[in-house]
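Worksheet for the structure shown next.
No value in this document is a laboratory result; all are computed from the given coordinates. None of the values given here were measured: they were computed from a predicted structure. Here the Cβ positions follow ideal geometry from the backbone for every residue, glycine too, while neighbour counts run over all protein chains shown.
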Amino acid sequence: MMADTGSEDVAVIGNTDQTPSELQNNIKNTMVEKGGTLLKGLEISVAEAEKRTGKNAVSIQETYTVYLIETRAVDNVSEVANPTPDSLWRRYSEFEIFRNYLLVTYPFVVVPPLPEKRAEFVWHKLSADNMDPDFVERRRVGLENFLLRVASHPVLSNDKIFYSFLTQEQGWKEVVFETGFQAKADSRLKALNATFRVKNPDKRFAEMKHYGDELQSVISQLLRVRARVADRLYGVYKVHGNYGRVFSEWSAIEKEMGDGLQSAGHHMDAYAASIDDILEEEEHYADQLKEYLFYTEALRAVCRKHELCQFELEMAAQDLISKKQQREELATGTVRTFSLKGMTSKLFGQETPEQRETKLKTLETQIEEGEEMVKERTAECDEFVKNAWEDIERFREQKDRDLKEALISYAIMQISMCKKGIQVWNNAKECFSKM
């Protein structure tokens with residue numbers, strides 16, 4: 001599936017008598033200023049994959065795959081016909097670093113997923129080896145789709161580090177690590193704690209999180225069913241090759257019927273051989289479903305981040321209430337609830353007026369800070385809800401459109417496959433009729 005490129009034109013800043021590198025920088029500036037997406041001014045592709053061998057971080061020899069990213073200014077911002085694209089190689093692990101950066105930097109965005117690192121939901125004749133050429137090719141397509149998704153996103157596409165990832169061979173990692181995104185990542189324990197302790201969860205996000213769980217379950221089941229059907233279908237088609245062998249052997253002992261039987265055998269052989277291309281095409285549709293299987297985790301991540309945001313707001317509000325209660329108790333000299341402080345006062349006597357005044361001043365300062373903190377947390381939470389829900393709505397429209405298209409295309413493919421089967425038997429029937 002290709003990301004939506006939109007239809008708006010890009011305004012050109014300055015003259016066009018520039019090098020390709022200057023033109024691409026110009027495009028980037030245009031995108032940021034006009035609030036557009038990078039994909040409107042830049043063609044992006046993952047052109048090929050290449051297997052390499054080298055030493056890893058602990059000096060152990062390893063074999064890995066790199067992917068060639070090509071970027072080219074679109075024709076409407078360049079006077080050069082088909083300018084030579086800029087290109088660089090990236091490993092899958094670099095794509096992972098970049099996506100993790102996006103998850104931390106844009107917690108309100110349903111960040112597009114990467115293709116699977118190792119093959120899942122495969123039928124038995126398909127290799128699960130991540131160095132298998134067919135798997136590497138499907139991953140190449142998936143990585144290109146990931147870049148196109150990011151480049152067409154109204155927020156992610158304008159990130160400067162994304163542009164560096166596409167265009168700077170060296171120094172990109174240093175720049176992304178300088179952002180400190182790894183230290184900012186919320187721990188799983190912290191998120192889990194918020195899930196169970198938040199008192200007033202937003203119903204919309206709770207329902208969306210539940211929907212993400214259900215969608216993951218449904219797509220997983222669908223992929224398992226497809227893998228089982230592919231296994232059975234492969235067997236059925238290959239068995240038709242036995243028809244071909246038997247008809248060919250039979251034709252050798254017949255004089256009048258020989259030509260018809262041999263022709264029918266050829267049709268059966270062709271039918272049996274066609275299953276490999278059919279199932280290869282099916283994998284394309286399976287990968288489209290897998291993309292949304294992995295999207296469900298990104299959707300749930302946004303919902304978990306909202307729970308954490310709400311939990312932090314509730315903790316700040318609760319701390320403020322506690323401080324105000326302490327101030328009231330200190331000012332009136334009455335303890336409304338059981339506390340260690342109340343027991344201490346009874347055992348060792350009341351505090352002096354000076355001590356109480358000092359504590360009151362400290363509490364006043366803490367209450368002012370607490371009120372400011374609650375305001376900040378409330379504003380952050382409100383902003384998160386606004387941005388997150390806007391992106392969730394965008395994602396839902398994209399999901400509905402993409403899955404509808406994928407399911408219709410899959411149904412058309414199945415219909416075409418059945419028609420080919422009928423045609424084979426019609427051809428065989430003609431052969432038999434001429435005997």
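Which FRET efficiency value, to the nearest 0.05, is calculated for Arg52 and Ala411 with the Förster distance at 35 angstrom and r the Cβ-Cβ distance?
Values: r = 40 Å, r/R0 = 1.15.
With R0 = 35 Å, the Cβ-Cβ based efficiency is 0.30.
Which FRET efficiency value, to the nearest 0.05, is calculated for Arg394 and Asn200 with the Förster distance at 35 angstrom and r the Cβ-Cβ distance? Provide the component values of the computation, followed by the final result.
Values: r = 26 Å, r/R0 = 0.75.
For R0 = 35 Å, the calculated efficiency reads 0.85.
For the residue pair His266 and Val74, what label-to-label distance in nm results when each label sits 7 Å from Cα along the Cα-to-beta-carbon direction?
Rounded to a tenth, the inter-label distance reads 5.0 nm.
Once you sort the root eigenvalues of the Cα gyration tensor of region 195-251 as a ≥ b ≥ c, which label holds: rounded (a/c under 1.5), prolate (a/b larger than b/c) or oblate (the other case)?
On the way: a/c = 14.94, a/b = 7.48, b/c = 2.00.
Taking the square roots of the gyration eigenvalues as a ≥ b ≥ c, region 195-251 is prolate.
In whole Hz and in residue order, list the ³J(HN,Hα) couplings for region 220-235 that follow from phi through the Karplus curve 6.51 cos²θ - 1.76 cosθ + 1.60, θ = phi - 60°; x for Gly and Pro.
Result, rounded to whole Hz: 4, 4, 4, 5, 5, 4, 4, 5, 5, 5, 4, 4, 5, 4, 4, x.
Quick check: residue separation of Arg228 and Lys375 times 0.36 nm, minus the Cα distance between them. What number comes out in nm? Don't jump to the answer; show the numbers that get you there.
Details: separation 147, 0.36 × 147 = 52.92 nm, distance 5.49 nm.
Taking 0.36 nm per residue and subtracting the Cα distance, the gain is 47.4 nm.
Run the numbers for Asp259 and Asp277: contour at 0.36 nm per residue of separation, minus the present Cα-Cα distance, in nm.
Between Asp259 and Asp277, full extension yields 3.6 nm more.
Between His284 and Tyr211, what is the FRET efficiency for a Förster distance of 41 Å, r being their Cβ-Cβ separation, to the nearest 0.05?
On the way: r = 26 Å, r/R0 = 0.64.
According to the calculation, E is roughly 0.95.
Which whole-Hz couplings ³J(HN,Hα) result when phi for each residue of region 148-158 is put into the Karplus expression 6.51 cos²θ - 1.76 cosθ + 1.60, θ = phi - 60°, listed in order with x for Gly and Pro?
5, 4, 5, 5, 9, 7, x, 9, 4, 5, 8
Pop out the ³J(HN,Hα) list for region 371-388 in order, Karplus 6.51 cos²θ - 1.76 cosθ + 1.60 with θ = phi - 60°, rounded to Hz; leave Gly and Pro as x.
Karplus values, whole Hz, x for Gly and Pro: 5, 5, 5, 4, 4, 5, 5, 5, 5, 4, 5, 4, 5, 4, 4, 4, 5, 5.
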